[in-house]
Amino acid sequence: MYIPNAFRFEDIAEKIAFMKRYSFATIITCKDQLPLATQLPFIVDDSEGSLKLTAHFSAVNEQAKYIEANTSLIIFTEPHAYISPKHYDKRESVPTWDYIAIHAYGKARIIEDEASKQKMLEQMINFYEKDYMEQWQGLSDKYKKGMMQGIIAFELEVTDLQGQQKLSQNKTREERERIVQHLENSTDNMEKELAPFIRKLQE
């Protein structure tokens, strides 16, 4: 990832917290120099001294064939906003876009056995919708087995984690305050969601 010095995102704990909050990400893997991409919900686990990402493909998704032999890139990004030059002091200014992005690299390991695959699915249920666990536990073993045959679960240990926070750090405090006030008053939820990240720079 190209990261200008002003926009570096170095804090590991903050990067992991961002990934957990915006865990629906894009995984990219190359097949014969052609990138393949899939959008997936991930579980982000840093509990054992390493950073591991788990998810699953549909069994018919060809990308799964290449994730063990090749390094994959997983992109976590979410709140972003157009920033108008009307907020800047200088008239000779141009529009830009503020955003946060995390790039995680690593080779994946396919989870083969049913017990581990079921454990991964239950971790996902507990993270995304705990209330569904009761319904899940009441499903027949036949149904669960059939469903698990339709997916390819995997775990990826992150070997390189890069981040960027492009949050108008190259602007004055007064300019950032105008930007934040505009975003906070926006009717666009995405813009509202970005505002606290920029405001944090004012603290």
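So that you can scan it fast, the table gives a plain yes or no per residue for (1) under 25 Å from residue 170 (Cβ atoms); (2) basic (Lys, Arg):
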| position | (1), (2) |
| --- | --- |
| 4 | yes, no |
| 13 | yes, no |
| 40 | no, no |
| 69 | no, no |
| 75 | yes, no |
| 80 | yes, no |
| 109 | no, yes |
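Restricted to helices (runs of 4 or more DSSP H) entirely inside region 124-188, those with at least 3 residues that are touching a His at 6+ places or on another chain (Cβ under 7 Å) are 173-184. Filtering region 67-90 to residues that are assigned to a loop (DSSP other than H, G, I, E, B) and farther than 17 Å from residue 51 by Cβ leaves 68, 69, 70, 84, 88, 89, 90. Of all the residues in region 52-81, those that are closer than 21 Å to residue 1 by Cβ, open to solvent by 10 Å² or more (accessible area, probe 1.4 Å) and touching a strand residue (DSSP E or B) at 6+ places or on another chain (Cβ under 7 Å) number 7.
Output the residues belonging to region 31-59 that are assigned to a loop (DSSP other than H, G, I, E, B) and either closer than 15 Å to residue 121 by Cβ or free of Cβ contacts under 8 Å to residues at least 12 places away in the same chain (or both). Don't jump to the end; show me each part of the working.
Taking region 31-59 as the starting set, the residues that turn out to be assigned to a loop (DSSP other than H, G, I, E, B) are 32-33, 42, 46-51, 59.
The answer is 32, 33, 42, 47, 48, 49, 59.
Scanning region 151-184 for residues that are basic (Lys, Arg), without any contact (Cβ under 8 Å) to a residue 40 or more places away in the chain and more than 21 Å from residue 78 (Cβ to Cβ) returns a single hit, 173.
Out of curiosity, is residue 199 in contact with a helix residue (DSSP H, G or I) (Cβ under 6 Å, 6 or more places away or on another chain), basic (Lys, Arg) and under 25 Å from residue 20 (Cβ atoms)? Yes: the conditions hold for residue 199.
The set of residues in region 2-18 being exposed (fewer than 10 other Cβ atoms within 10 Å of the Cβ) and either in contact with a helix residue (DSSP H, G or I) (Cβ under 9 Å, 6 or more places away or on another chain) or polar (S, T, N, Q) (or both) consists of 5 alone. Residues that are under 10 Å from the mean Cα position of the chain (by Cα) and either in a strand (DSSP E or B) or surrounded by fewer than 19 Cβ atoms within 10 Å (Cβ to Cβ) (or both) within region 19-30 comprise 20, 21, 22, 24, 25, 26, 27, listed in sequence order. The residues of region 37-53 that are among the polar types (S, T, N, Q) and touching a Phe, Trp or Tyr at 6+ places or on another chain (Cβ under 7 Å), listed by number, are 38, 39. Among the residues of region 96-115, the one identified as surrounded by 19 or more Cβ atoms within 10 Å (Cβ to Cβ) and under 19 Å from residue 144 (Cα atoms) is 111.
Could you check region 145-193 and list, in sequence order, the residues that are among the small types (Gly, Ala, Ser), surrounded by fewer than 18 Cβ atoms within 10 Å (Cβ to Cβ) and under 30 Å from residue 46 (Cα atoms)? Break it down stepwise before answering.
Pass one, region 145-193, residues among the small types (Gly, Ala, Ser): 146, 150, 153, 163, 168, 186.
Adding the requirement that they be surrounded by fewer than 18 Cβ atoms within 10 Å (Cβ to Cβ) leaves 146, 150, 186.
The one that is among the small types (Gly, Ala, Ser), surrounded by fewer than 18 Cβ atoms within 10 Å (Cβ to Cβ) and under 30 Å from residue 46 (Cα atoms): 150.
Assess whether residue 93 counts as being within 30 Å of residue 147 (Cα to Cα), assigned to a loop (DSSP other than H, G, I, E, B) and modelled with pLDDT under 95. No, not satisfied.
Taking the numbered list (1) surrounded by fewer than 16 Cβ atoms within 10 Å (Cβ to Cβ); (2) among the polar types (S, T, N, Q); (3) more than 16 Å from the chain's Cα centre (by Cα) in turn, residue 39 passes all entries but (3).
The values are calculated or read from the model by the stated rules, or taken from the named source; none is laboratory data. These numbers were taken from a predicted model, which means no experiment stands behind them. Note: ideal-geometry Cβ built from the backbone for every residue, glycine included; neighbour counts use all protein chains shown. Heads up: the accessible areas ignore ligands, DNA and RNA and are worked out on the full protein's heavy atoms, side chains in. Shrake-Rupley method; radii C 1.70, N 1.55, O 1.52, S 1.80 Å.
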